[in-house]
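Student: Mind looking over this structure? Questions follow.
The values are calculated or read from the model by the stated rules, or taken from the named source; none is laboratory data. Please read all numbers here as calculations on a predicted model, not as lab measurements. Here the Cβ positions follow ideal geometry from the backbone for every residue, glycine too, while neighbour counts run over all protein chains shown. The area values use the complete protein model at the heavy-atom level, side chains included, leaving out ligands, DNA and RNA. Shrake-Rupley method; radii C 1.70, N 1.55, O 1.52, S 1.80 Å.
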Amino acid sequence: MFIHQQNRSIYLPIAIVTGAIGLGAVVGLLAGAKPLYLGILLVAALVFLLFFLRFEQTVLGLLILRSAIDSFVGLQLPSVFAVGLNLLIIVYVLMALATDRSVRTDRFWWFFAGWWLIQGLWLVLLAMGALGHSASLMSDSIREWVRLFSWVMVYLLILQLRGRVAPQTIISALFLSLIIPIAVAVLQMVAPSVLPNELSPVMGLDPGAALPDEGVRIRGTIGHANSFTTYLLLFIALTLWKMEHSKQRWLWLPLLGTLIVCLVAAKALFGVVMLGVFMLVLMAPRLNGLNLIGGAILFTLVIALFASSEFGRQRLGSIANTPLLNPDIDISRAILLSNSDYNSFNWRISQWYTLLNAWKQYPIFGYGLGLSIHTSGNNLLPHNDYIRSLVEGGVVGFSAFIGLLGMQAMRLLRLRQRLQPGPQRNFCWTLFAMFVAMCVGMITENIWSHTLLFFYWWTLWVAASWDWEQPTSQPVSVPET
């Protein structure tokens, strides 16, 4: 599916001249006032130039770079990256339309873009005072809306690589994004008391807080250990897929082992649960003795490693003091205990109870996009994305959220159904298994706020839908194993 427009190339020189004048003025101002911002601007100008001169290589480079900047919130690098990338894509589309070139889209992109536009309804309702919060929080809602917009734009950007870069090349390139986060994570394990404190001011973290639980809960270059966990899970899934279709499977074992060690060191119990769900779904179509034994060994190894530390044993043991495993503890008692027992699951029950009671006050449209953190009373997210959607968007917003999840599941299953057995078919099932694990993780974690995960998720999602046998016009090589 393409968008076409009449030739308006006369506007291109005018746009370039106007942009050059504006850039010169901004550079002059920043040189005296904000030298750091000037450096960022110059880098952005270089990326802008390369984006149009070496489009495929620049896009792959940006995909690889994204994982290395997530922690630098003190410099606002993740936000600058997202806004800059959005602007790049918009300029690319406008220039393509002005020069009568094609802009690739697909049906799901139109659905996704329409879903994002519908989210703007909550901005209008907030401005009208028709939601649970006042318009004074409009900036937070706009920030969340722009964050979702960046996912739509990433999807559109990757679509432009169709026929120009092989999907296998894109997948292989994403593995390069592991280098810096894993290197930093290993350093955090080796010297946990040094690295967080040294980088905390730059990353926008409290130097005194260092890492939660301390010194042992690694996060690499990702802003939070839980976000690092889902990032690792995604690449564990990709590594297992690579191993299945590689001629030398053993070459992928060191990477798989490293990812698992980092996953355990992140100390996120929900990550262990997600891994178990992923393995169960992944093996379901090909359940045989060998796969069952291999999956059981892998999951048992993760559990054993997780329980090898005092913190891990405490997290596992804490489940026994929740309504999940203790019939003597009902929900009311769990809420009361949450104030004193430091049990994260009981705390979550208390958080959900508070938010659901608040939702009952505004059940139809909720409190506003991205405003559940202001609804809880403790300035913390719900730690349940379904409750978050219900509180922020009411029944209408929750229905839209479930609709988006349902469309993803249906598309992956339909795509797999029409493919012949082979790497692409197995890749779709690998993504589906990861998707199910994400949906389960959303019950107790803020998966929807893990921006980096979805940055790569939508990239892989687009690549999965292409014809993998189609030749590329401008091949880009990435080292393969």
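Student: Restricting the search to region 142-178, which residues are of a type in the set (D, E, K, R) and assigned to a helix (DSSP H, G or I)?
Tutor: Going through region 142-178, the residues of a type in the set (D, E, K, R) turn out to be 143-144, 147, 162, 164.
143, 144, 147 - these are the residues of region 142-178 that are of a type in the set (D, E, K, R) and assigned to a helix (DSSP H, G or I).
Student: For the condition small (Gly, Ala, Ser), assigned to a helix (DSSP H, G or I) and either over 26 Å from the mean Cα position of the chain (by Cα) or at pLDDT 85 or above (or both), what is the one hit in 44, 25? Walk me through how you get there before you give the answer.
Tutor: On the way: 44 fails: either over 26 Å from the mean Cα position of the chain (by Cα) or at pLDDT 85 or above (or both).
After applying the criteria, what remains is 25.
Student: For region 49-71, which positions are of a type outside the set (Ser, Thr, Tyr), outside any helix (DSSP H, G or I) and within 15 Å of the chain's Cα centre (by Cα)?
Tutor: Just the residues of region 49-71 that are of a type outside the set (Ser, Thr, Tyr), to begin with: 49-57, 59-66, 68-70.
Imposing the further condition that a residue be outside any helix (DSSP H, G or I) reduces the set to 54, 69-70.
Selection gives 69, 70.
Student: Sort out which residues of region 70-81 are closer than 14 Å to residue 455 by Cβ, surrounded by fewer than 18 Cβ atoms within 10 Å (Cβ to Cβ) and not hydroxyl-bearing (Ser, Thr, Tyr), and write them in order of number. Spell out the reasoning first.
Tutor: Here is the first cut: in region 70-81, the residues closer than 14 Å to residue 455 by Cβ are 70, 77-79, 81.
Subsequent filtering for residues that are surrounded by fewer than 18 Cβ atoms within 10 Å (Cβ to Cβ) retains 79.
Across region 70-81, there are no qualifying residues.
Student: Please work out if residue 203 is at pLDDT 90 or above and open to solvent by less than 60 Å² (accessible area, probe 1.4 Å). Let's see the steps before the verdict.
Tutor: Working: at pLDDT 90 or above: no; open to solvent by less than 60 Å² (accessible area, probe 1.4 Å): yes.
When the stated conditions are applied, residue 203 does not pass them.
Student: Tally time: how many residues in region 239-293 are more than 20 Å from the chain's Cα centre (by Cα), open to solvent by 60 Å² or more (accessible area, probe 1.4 Å) and within 18 Å of residue 303 (Cβ to Cβ)?
Tutor: 4
Student: Go through the residues of region 308-316 one by one and say whether even a single one is touching a Phe, Trp or Tyr at 6+ places or on another chain (Cβ under 6 Å), outside any loop (DSSP other than H, G, I, E, B), surrounded by 13 or more Cβ atoms within 10 Å (Cβ to Cβ) and at pLDDT below 75. I'd like the intermediate steps shown before the answer.
Tutor: Going through region 308-316, the residues touching a Phe, Trp or Tyr at 6+ places or on another chain (Cβ under 6 Å) turn out to be 312.
Next cut, outside any loop (DSSP other than H, G, I, E, B) only: 312.
From what's left, surrounded by 13 or more Cβ atoms within 10 Å (Cβ to Cβ): 312.
Going one step further and asking which of them are at pLDDT below 75, we end up with 312.
Yes, there is a match, as at least one residue in region 308-316 is touching a Phe, Trp or Tyr at 6+ places or on another chain (Cβ under 6 Å), outside any loop (DSSP other than H, G, I, E, B), surrounded by 13 or more Cβ atoms within 10 Å (Cβ to Cβ) and at pLDDT below 75.
Student: Can you confirm whether region 338-358 contains a residue that is at pLDDT 70 or above, open to solvent by 60 Å² or more (accessible area, probe 1.4 Å) and of a type in the set (Lys, Arg)?
Tutor: The answer is no; no qualifying residue exists.
Student: When you check residue 366 against the structure, is it more than 19 Å from residue 450 (Cβ to Cβ), open to solvent by less than 70 Å² (accessible area, probe 1.4 Å), in a helix (DSSP H, G or I) and in contact (Cβ under 8 Å) with a residue 60 or more places away in the chain, yes or no?
Tutor: Working: more than 19 Å from residue 450 (Cβ to Cβ): yes; open to solvent by less than 70 Å² (accessible area, probe 1.4 Å): yes; in a helix (DSSP H, G or I): no; in contact (Cβ under 8 Å) with a residue 60 or more places away in the chain: yes.
When the stated conditions are applied, residue 366 does not pass them.
Student: Looking only at region 421-465, how many residues end up being closer than 17 Å to residue 172 by Cα, open to solvent by less than 10 Å² (accessible area, probe 1.4 Å) and among the hydrophobic types (A, V, I, L, M, F, W, C)?
Tutor: 11
Student: Quick check on residue 146: is it within 22 Å of residue 373 (Cα to Cα) and under 16 Å from the mean Cα position of the chain (by Cα)? Step through it out loud before you land on a result.
Tutor: Values: within 22 Å of residue 373 (Cα to Cα): yes; under 16 Å from the mean Cα position of the chain (by Cα): yes.
When the stated conditions are applied, residue 146 passes them.
Student: What is the residue count in region 397-427 for residues that are without any contact (Cβ under 8 Å) to a residue 40 or more places away in the chain and closer than 25 Å to residue 133 by Cα?
Tutor: 4
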